[in-house]
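There's a structure below that I have some questions on.
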């Protein structure tokens, strides 16, 4: 497994390849830390950039992560109602949380 503490610049020819690589790195790190510490804690980014990664995690990689051991936090949120189209919470809910079993 790739060492996550080393700096490693990777350039991808297109966003879909980047998103898949990011999702795979998320899965690897999540499983490593769950094995070592019993949980994986992550702050989620908002906006449109991470949406595709969250969708990959929710669909393609859903079964590869023990979601009950994952602790999610929001790294940022807009000052809008939770159901507002600009809400980062809503984006994460629709792209990830509605598709996984997490408590």
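The values are calculated or read from the model by the stated rules, or taken from the named source; none is laboratory data. Everything numeric here is computed off the predicted structure, so don't read it as measured data. Cβ sites come from the backbone with ideal geometry, for glycine too, and all protein chains shown count toward neighbours.
Here is a yes/no grid of residues against (1) farther than 20 Å from residue 97 by Cβ; (2) without any contact (Cβ under 8 Å) to a residue 40 or more places away in the chain:
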residue	(1), (2)
21	yes, yes
32	yes, yes
35	yes, yes
46	no, no
56	no, yes
66	no, yes
70	no, no
74	no, yes
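Filter the range 46-60 down to the residues that are out of contact with any strand residue (DSSP E or B) (no Cβ under 9 Å at 6 or more places or on another chain) and modelled with pLDDT under 95 and list them by number. Walk me through it before giving the result.
The initial filter retains those residues of the range 46-60 that are out of contact with any strand residue (DSSP E or B) (no Cβ under 9 Å at 6 or more places or on another chain), namely 47-49, 51-53, 55-60.
Within the range 46-60, 47, 48, 49 qualify.
Considering (1) out of contact with any strand residue (DSSP E or B) (no Cβ under 6 Å at 6 or more places or on another chain); (2) surrounded by 12 or more Cβ atoms within 10 Å (Cβ to Cβ), say which one residue 70 fails and leave the rest.
Result: residue 70 passes all but (1).
With touching a residue at least 40 places away in the same chain (Cβ under 8 Å) and in contact with a helix residue (DSSP H, G or I) (Cβ under 7 Å, 6 or more places away or on another chain) as the only criterion, which of 62, 51 stands out? Before the answer, list the steps.
Details: 62 fails: touching a residue at least 40 places away in the same chain (Cβ under 8 Å).
Step by step, each of 62, 51 is checked, and only 51 is touching a residue at least 40 places away in the same chain (Cβ under 8 Å) and in contact with a helix residue (DSSP H, G or I) (Cβ under 7 Å, 6 or more places away or on another chain).
Also, quick follow-up: Among the candidates 92, 27, which residue alone is within 18 Å of residue 103 (Cβ to Cβ) and in contact with a helix residue (DSSP H, G or I) (Cβ under 8 Å, 6 or more places away or on another chain)?
92
I've got another one for you. Residues that are part of a loop (DSSP other than H, G, I, E, B) and modelled with pLDDT of 95 or more: does the range 17-37 have at least one?
Here is the first cut: in the range 17-37, the residues part of a loop (DSSP other than H, G, I, E, B) are none.
No, that holds for no residue.
Which condition number does residue 80 fail, the rest of (1) under 18 Å from residue 98 (Cβ atoms); (2) out of contact with any strand residue (DSSP E or B) (no Cβ under 9 Å at 6 or more places or on another chain); (3) surrounded by 13 or more Cβ atoms within 10 Å (Cβ to Cβ) being met?
(1)
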